[in-house]
Amino acid sequence: MFAELSAQDKHFVALLLCLAIVLALGRLVAVVFRAIKQPVVIGEILVGIALGPSLLGQVAPGVRDYLFNAIDIPFFKLVASLGLVLFMFIVGMEVDLEVVKRSGKRAAAISLTSIAVPFALGFFVLGSYLHDDHSCVAVESPAGVVAKPCSNESKEVSDKVAARAKLIQKDTDAHKELPNPLVPKQTDFVPFAIFIAVSMCVTAFPVLARILTERNMFKIPLGLLMVACAAIDDLMAFTLLALATALAGNGSASDIFLIIGKMVVYVAVLFLVVRPLLERFVLVPYRKNGNKLGAEQLSILFIGLMLSSYVTSRIGVHELIGGFLFGVAVPRTNAPNLFHTIAGKVEGVSVQLLLPVFFVIAGQGVNLQGLTTSDIVPALAIIVVACIGKFAGAAVAARAVGVPKRQSLAVGALMNTRGLTELVVLTIGRDAGVIDDKLYTMLVIMAVVTTAMAGPLLKLVYPDRWLNRDIAEAERKRESSATDRVAILVGAGDAHRLVDVAAAYGGGRATGSVTIVRFTAQGAGLASFADDLGDLKAWRDKIEHAGLTCQVISRASADRHADVITEITRIAPGAVVVEDADADLIGPLRHLGCDVLVPAAAPEDLVAVRVGGGGSTSELAAQEMAVRLALFCDVPLVVDGSVSGRSAKQIAALGVEIAPTAPTTGTVYRVGPSATDDLAVHAGERDRVAFTEALGGWVRSEPVILSTL
């Protein structure tokens, strides 16, 4: 029925059939994984695994042998490699050096720590633990080439070598094209441990960016910080990968230093020579053409990309490093949508057509049936070390540089994503003959698990209600200069002490905003309404006289409790000042993220403010309010017990004196979480930021408006 094909045509036809199957399955899993809110790349990885020995090889081994036999695999690898070069070019272009520069020390500290901790755990812990059992690999070797013999050859390696020898004999008898033989090869500890360590360090930039977009996290400063962190992370990881690739070549120490020296020279040429040329011949025409990319400019980019990959390959590191570096080097200054324009032209071929072949090639090395019960502990150890190293390293570093607690946990969850970037690293390690198929399988499982857990873990440590509040706060800061928002919930009693505390919270500065909220019962008479207007006017005048802006919300209400929650949710102030009679509202208001302030006395004629030490959430909330009062009234702060060194530095930076003891005369205003304090502070359920960040607008160069209350 079908004509006889030549050997070359058979390879091409097999590739066509493979592409058709993989593309169809890829689109199917994309629909499914988008429906379950998981990255599509996980489904694509699973398709590749299913078409390998784990599923197809068990269910229909003949079909697998026809599609992915030893002769056709090298041709598939060529196609996959081209797709990966294009993909790494796009990943490199996503690394915006301007964003990295703007994020400065914070991004650098988080990234370097999130690299150093998992790298150290991977190198010293997993490297030592796994080397003896997984350092003997079966590699393709032309006849006559002698590899370093294995000291502990595994059954997996012996079986692969024997199976390839049997296939060669069979093809010899049938006069077919022969694949290269497989030989055992021992991997030294250092390149092995570096590859394991690098696999622990990787962050998948595309997956992270997609999660940030889906959760609208680019609306808060954390979004851009994460982009910078992931960019630095990728730069460091691929630098280490280049080193590991060079070490895997079994060269001498002088050869390794020579390779590193060549890479340094090449990077310098790339950024000092090639980048300005790209600016002249790509960016300038792009701007002149109304931000449209012409065929000539796209050709220049492709030529540069292929040459960059060629150069790094000739230097002695993987060609994908060249693609990544060239993407980083492409200038984007004052070029809106250049990245999206290039990505739109490249991704259609790379991501949709060529990369699916890579998933298949990657899946051929994953054999779940090859794992035994003795591999459960190593597989779990890999997952645990990967998660602890990346999550803890990133989260602790983020917290140390002042990222709020909830957001720092989000940093840890996001940096733990690995996705396709991890698969690229693992494939390079396997192809370089550094790790065996069993370890490769366990590392792929780790990549799938950590990528799948990123979204759910992020929602757990940084729920939507926290995120929505931070987004609202960021939007308010962009729309207005007001940085200190406080609401006063007025009841039936005298609200003068509430007004005094609100004025102190805002510091008497124009950047402070006070909202007076008063709901009266329906059916109240005109006389009561007139009294309300008089009181509200007096309180408003008092607040504005202190230097703050003020608005009033006053109306009748059939359900005061519900209306209060609705208004406070809309206003979203940092604090709400309430009377003792509204104690039932403290819990709901704290749940909205507001600190609730309940004054028992007005802060008048103060000589000092007194507060407890400690670092709990309630203690930090009380300390922040005490600092605000001390700044507003220009009096010293007395701390019972010890305040942390970091908090003491922040308080001193704001210009507040910490007195060793309280004055013996005059009013010392006590602030704390207890109802017996002059001002009870109930901490809102939100992240506490550093005093210097919360009171960033309270600069000492601005004249202090002393209390006129």
Take the cross-link list LYS105/LYS390; LYS390/LYS649; LYS219/LYS649; LYS105/LYS649; LYS101/LYS288 and give me the ones stretching past 23 Å between alpha-carbons.
LYS390/LYS649; LYS219/LYS649; LYS101/LYS288
Report, in whole Å, the centroid distance computed from the Cα atoms of segment 154-191 and segment 323-347.
42
Inter-part gap, Cα centre of segment 417-463 to Cα centre of segment 551-594, in whole angstrom, is 47
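List the equivalent ellipsoid semi-axes of the chain in whole Å, largest first, each obtained as the square root of 5λ for an eigenvalue λ of the Cα gyration tensor.
Over the Cα atoms of the chain, the semi-axes work out to 62, 26, 25 Å.
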Taking K and R as +1 and D and E as -1, what net charge do the other residues with C-beta under 12 Å from the C-beta of TYR669 add up to?
-1
May I ask you to list the aspartates and glutamates whose Cα is less than 13 Å away from that of LYS77, ignoring any residue fewer than eight positions away on the same chain?
ASP431
Counting alpha carbon pairs within less than 8 Å and at least 6 residues apart, what relative contact order, in whole percent, applies to segment 480-694?
21
How high is the FRET efficiency between ASN334 and GLU214 when r is their beta carbon distance and R₀ equals 30 Å, given to the nearest 0.05?
0.55
Quick one: angle between helix 405-415 and the longest Cα principal axis of the chain, in degrees between 0 and 90, rounded to 10, please.
10
For the chain, cysteines with no other Cys Cβ under 4.7 Å from their own Cβ are listed as CYS18, CYS201, CYS229, CYS387, CYS550, CYS594, CYS633
Computed helical MRE - 222 nm, the chain, DSSP H runs ≥ 4 contributing -39500 (n - 2.57), nearest 500
-19500 deg cm²/dmol
Compute the acute angle (0 to 90°) between the alpha-carbon long axis of helix 221-248 and the principal axis of greatest extent of the alpha-carbon atoms of the chain; round to the nearest 10°.
30
Net charge (Lys, Arg +1; Asp, Glu -1) of residues whose beta-carbon lies under 15 Å from that of VAL607, VAL607 excluded, is -3
Test of the criteria: in segment 566-650, which GluC sites (Glu not before Pro) are in a DSSP loop and have at most 13 other Cβ atoms within 10 angstrom of their Cβ?
GLU604
What is the local net charge at SER308, summed over the other residues whose Cβ is closer than 15 Å to its Cβ (Lys, Arg +1; Asp, Glu -1)?
+2
Would you mind calculating the relative contact order of the chain from Cα pairs under 8 angstrom and at least 6 residues apart, reporting the percent as a whole number?
15
Please label the shape of segment 246-374 as rounded, prolate or oblate, based on the square roots a ≥ b ≥ c of the eigenvalues of the alpha-carbon gyration tensor (a/c under 1.5 means rounded; beyond that, a/b larger than b/c means prolate, else oblate).
oblate
Scan the chain and hand back the longest stretch that contains none of the trypsin sites (Lys or Arg not before Pro) lying in DSSP loops with at most 14 other Cβ atoms within 10 Å.
293-699
Nearest-0.05 FRET efficiency for LEU277 and ILE36, computed from C-beta distance (R0 35 Å)
0.15
Pairing the Cα long axis of helix 338-349 with the longest principal axis of the chain, what angle in degrees results, from 0 to 90 and rounded to the nearest 10?
40
Mind listing the Cα extents of segment 483-623 along all three principal axes, in Å, largest one first?
49, 32, 26
Return the aspartates and glutamates within reach of LYS405: Cα separation strictly under 13 angstrom, same-chain partners fewer than 8 residues apart disregarded; answer none if there are no such residues.
ASP470, GLU685, ASP687
Rg and Dmax of segment 146-186 over Cα atoms: what are they, in angstrom?
11.8, 36
Principal axes first, then extents: for the Cα atoms of segment 576-654, list largest minus smallest coordinate on each axis, whole Å, largest first.
36, 29, 20
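Bear in mind these aren't lab numbers, they're just calculated from the coordinates by the rules spelled out. None of these values were measured; they are calculated from a predicted model. Note that each Cβ is placed from the backbone with ideal geometry, even for glycine, and that neighbours are counted across all protein chains shown.
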